[in-house]
Amino acid sequence: MESGQVQLSLRERQKAQTREHLLCVATSLIAAKGFAATSIDDIAKAAGSSRATVYSYFDSKDTILAELIRGMWDDANELYREFGALPDWSRPSIHAWVQTVISRNQADAERNRAALEISLAEVIQNEGKHHQLHIGSLTLNSKMWTQRFTKAETRGRASIIITMIEGYTTRLFLHGTISRRGPAVDLLTDAILDMLHARE
């Protein structure tokens, strides 16, 4: 019984890896060629797979696009949840979190750029809903917030922190209008500390 469970677990892991590989290949192709010019056959060939395999994981190109957008939102929310789980608001803690945000956004830049270029209108339409979710994640450690701020102040300050982070990462990794990331980590850290009144 246990060996069967291990085999199932291995099979599931392999399926997840195949799905992730197909999604990564699709992201690269869509970023390079555009959504309309990228076919399921292109994705299968570039992935070293078959058309049938691609369809076994994704019903259509639209499903792939939806997955890119969902991944973009989910990964952002996970970063804000990690802030919400910080044990303290010391400068080292926040600096490390900002570095993580920058590193992960850099790793996901190709996917995020592709998703935004194809579905900017949809992303804008849903931005308000996701922004509220991000505020909830950022403020998970409610005790640390309520010790300093009212509920309205908490939401306002969290909203500004998210806007600063998203504005910077968008300009750095999606628009390319910021060329140096090093000093900005310190500046973002200090700006967040100022918003939290937690500078040490």
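Below is a table of values for the structure above.
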quantity	calculated
Near pairs, Cβ below 7 angstrom, 6+ apart or cross-chain, from the range 141-164 (farther than 11 Å from GLY84 by Cβ) to any residue that is of a type outside the set (D, E, K, R) and not in a helix (DSSP H, G or I)	ARG148/HIS197; THR154/THR139; ARG157/PHE149
Out of TYR55, TYR80, sole residue that is out of contact with any His (no Cβ under 9 Å at 6 or more places or on another chain) and at pLDDT 90 or above	TYR55
Single residue of the range 9-57 satisfying the filter (of a type in the set (D, E, K, R) and under 18 Å from ILE118 (Cβ atoms)) that is surrounded by the fewest Cβ atoms within 10 Å (Cβ to Cβ)	LYS33
Lone unmet requirement of (1) under 15 Å from MET195 (Cβ atoms); (2) modelled with pLDDT of 95 or more for ARG148	(2)
Odd one out for ASN112, checked against (1) touching a helix residue (DSSP H, G or I) at 6+ places or on another chain (Cβ under 6 Å); (2) of a type outside the set (Ser, Thr, Tyr); (3) outside any helix (DSSP H, G or I)	(3)
Any hit, the range 113-132, residues being under 10 Å from the mean Cα position of the chain (by Cα), closer than 16 Å to THR170 by Cβ and surrounded by fewer than 16 Cβ atoms within 10 Å (Cβ to Cβ)	no
Leading residue by the ranking (nearest to the chain's Cα centre (by Cα)) among those in the range 35-57 that are touching a residue at least 24 places away in the same chain (Cβ under 8 Å) and not in a helix (DSSP H, G or I)	PHE35
Per-region count, the range 70-88, residues under 15 Å from MET195 (Cα atoms) and more than 17 Å from the chain's Cα centre (by Cα)	1
Pair list, Cβ under 8 Å, 6 or more apart: the range 128-139 residue part of a helix (DSSP H, G or I), other residue among the β-branched types (Val, Ile, Thr)	HIS131/ILE162; HIS134/ILE162; ILE135/ILE162; LEU138/ILE161; LEU138/ILE162
Condition met for ASP74 (of a type in the set (D, E, K, R) and farther than 25 Å from LEU172 by Cα)	no
The one condition in (1) closer than 27 Å to LEU29 by Cα; (2) outside any helix (DSSP H, G or I) that PHE149 fails to fulfil	(1)
Hits in the range 89-119 (condition: free of Cβ contacts under 8 Å to residues at least 24 places away in the same chain and within 21 Å of LEU193 (Cβ to Cβ))	PRO92, SER93, ALA96, TRP97, THR100, SER103
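The values are calculated or read from the model by the stated rules, or taken from the named source; none is laboratory data. In this text the structure is predicted, and so the values were computed from the model without any measurement. Heads up, the Cβs are rebuilt from the backbone with ideal geometry, glycines too, and the neighbour counts pull from every protein chain shown.
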